[in-house]
Amino acid sequence: MFGDVILGASNLVHLHGVAWDQPADLSSRAVQEKLSPVAIRAFFRLTSHWKLRDEDARGLIGGISNGAFYQLKRSASKSSEAKTLPAKTLDQDKLTRISLLLGIFKALNILYSTKLADAWVQLPNSNPIFGGQTPLACMLKGGVPAMLRVRQLLDARRGGL
């Protein structure tokens, strides 16, 4: 689905050249270059499902400028024009943010119907970790630590807590 799965010499599973037995080294430029195109496409699909405003999407990915955001958005499109654009490589922070957001997206789709999963981040939430805000507002204000808390909350709910 996301690429070839290959068993290496040690029978470890590799996907896109990244072994599953240990976390990817997101500080490595080679790993960043390998993961960035897939991460960018996944991020923009997620923003579409969640119906995020561009301003909110920019905040979630790290508060990037309008120009950089729209360059990323163009590179994520599947038009023939986009194939001529140079590939954008995301840094460790942006890859981490996208990873957390994809984990949140996955957990929501496991817990709830598609309609509720796609709307959840923008719905008022009475859970104390959100301080009366929507999960989206909480993540925009709190950055990576807030995204991690939301991910942990949803993972705990998946585990029955």
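Observations, loosely collected:
- Residue check for GLU55: at pLDDT 90 or above and of a type in the set (D, E, K, R): yes
- Among the residues making up region 27-40, a single one is among the hydrophobic types (A, V, I, L, M, F, W, C), in contact with a helix residue (DSSP H, G or I) (Cβ under 7 Å, 6 or more places away or on another chain) and open to solvent by 40 Å² or more (accessible area, probe 1.4 Å): LEU35.
- Count of residues meeting criterion [buried (at least 16 other Cβ atoms within 10 Å of the Cβ) and assigned to a helix (DSSP H, G or I)] in region 123-138: 5
- Of the criteria (1) within 12 Å of the chain's Cα centre (by Cα); (2) surrounded by fewer than 14 Cβ atoms within 10 Å (Cβ to Cβ); (3) modelled with pLDDT of 95 or more, which one GLY103 fails: (2)
- Residues of region 141-161 that are open to solvent by 60 Å² or more (accessible area, probe 1.4 Å) and touching a Leu at 6+ places or on another chain (Cβ under 8 Å): LEU148, ARG151, ARG157, ARG158.
- Residue check, ALA117 over 23 Å from ASP93 (Cα atoms), crowded, with 18+ Cβ neighbours inside 10 Å and either touching a residue at least 40 places away in the same chain (Cβ under 8 Å) or out of contact with any His (no Cβ under 7 Å at 6 or more places or on another chain) (or both): yes
- From the options THR96, THR89, residue that is in contact with an Asp or Glu (Cβ under 8 Å, 6 or more places away or on another chain) and closer than 27 Å to VAL31 by Cβ: THR89
- Yes/no for ASP4 being closer than 29 Å to ASP155 by Cα and at pLDDT below 65: yes
The values are calculated or read from the model by the stated rules, or taken from the named source; none is laboratory data. Quantities reported herein were computed from a predicted structural model and do not represent experimental measurements. Glycine also receives a Cβ, built like all others from the backbone with ideal geometry; neighbour counts cover every protein chain displayed. Only protein heavy atoms, including side chains, enter the accessible area calculation; ligands, DNA and RNA are left aside. Shrake-Rupley method; radii C 1.70, N 1.55, O 1.52, S 1.80 Å.
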